[in-house]
Structure formats: C-alpha cells, structure tokens
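Structure first, commentary second.
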Amino acid sequence: MTYGIVSLESGTVLRSFESESEAFAAARKILEGEPDALDTFGVARFDDSGSAVESWSGKALLDAARGVPA
C-alpha cells in the first residue's frame, strides 16, 4: 500500500508516502499553512496495482489529518 496527496482538480498524485501517518502528517502541515487548500487536495490509499482503494477529502480529510477516528 502507498498513500498519496492528490489534486482534486486534476487527479494527479502530487506526492507519495509509504505510510498513512506520513501522508496525513503532510496533509496536516499543508492545512496549517493554507487552510483554504482543504478544497483542492485529498489523500488516497493505493493498492499494489496502483488503484485507489480509499480516499479522504473535505471534512473527512480534516478529521483524519487531525487524528480524529472515522
């Protein structure tokens, strides 16, 4: 499994991470510096074939980045 910061506009993976915690820490850092960015990116989990199997955006992303259980 890999995790990625994904542009919601283009669907492009902007950065990949080996762990969920790294991806959400990066998302948290982005949101701390640019709170308005919440509507521009998400985090996705990819399986070994590169297919997205789960994603977070909007409030779900904000909660996950803050460590709030789903």
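Looking at segment 30-44, can you tell me whether even one residue there is surrounded by 12 or more Cβ atoms within 10 Å (Cβ to Cβ), of a type in the set (D, E, K, R) and not in a helix (DSSP H, G or I)? Looking for residues that are surrounded by 12 or more Cβ atoms within 10 Å (Cβ to Cβ), of a type in the set (D, E, K, R) and not in a helix (DSSP H, G or I), one finds none in segment 30-44, hence no. Out of (1) at pLDDT below 95; (2) surrounded by fewer than 17 Cβ atoms within 10 Å (Cβ to Cβ); (3) not in a loop (DSSP other than H, G, I, E, B), what's the single condition that is false for residue 53? Going through the list (1) at pLDDT below 95; (2) surrounded by fewer than 17 Cβ atoms within 10 Å (Cβ to Cβ); (3) not in a loop (DSSP other than H, G, I, E, B), residue 53 breaks only (1). The single condition among (1) assigned to a strand (DSSP E or B); (2) within 12 Å of the chain's Cα centre (by Cα); (3) exposed (fewer than 13 other Cβ atoms within 10 Å of the Cβ) that residue 5 does not satisfy is (3).
The values are calculated or read from the model by the stated rules, or taken from the named source; none is laboratory data. Just so it is clear, the model here is predicted, and its values are computed rather than measured. Cβ atoms come from the backbone with ideal geometry, glycine included; neighbour counts cover every protein chain shown.
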